[in-house]
Amino acid sequence: MTYDLMNTEKVTEFIIEVHDDFIFEDMTREELLSMCRDAKEMIEHYFVTTMNDYDVI
């Protein structure tokens, strides 16, 4: 039995509510992680990064 393996990358999208004047660059890493932990919704995306020696992303 043989298996075909694919290189994949997982990107997680967190749905959060922010104020109109929210500036991403002004937030610390800890603050952003806290916001992600409190997210009401999370969506995971999977992307094939290479296939048959070609970059696909």
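Bear in mind that the values in this text are calculations on the coordinates, not laboratory data. This one's a predicted model, so the numbers in the text were calculated from it and none came from an experiment. Note that we place each Cβ from the backbone using ideal geometry, even for glycine, and neighbour counts take in every protein chain shown.
Some notes on this structure:
- Counting neighbouring beta carbons within 10 Å and listing from fewest to most, the residues M6, M35, M1 come out as M1, M6, M35.
- Of the options [x] 30, 12, 10; [y] 35, 13, 10; [z] 26, 9, 9, only one is semi-axes √(5λ) of the Cα gyration tensor in Å as computed from these coordinates, and that is [y].
- Unit charges on C-beta of K, R, D, E only; dipole of the chain, Debye: 320 debye
- The slack in the chain from L32 to H19, taken as 0.36 nm per residue of separation less the alpha-carbon distance, amounts to 3.3 nm.
- Since only M35, F24, T50 are under comparison, the one whose Cα sits farthest along the positive direction of the charge dipole of the chain, derived from C-beta charges on Lys, Arg, Asp and Glu, is T50.
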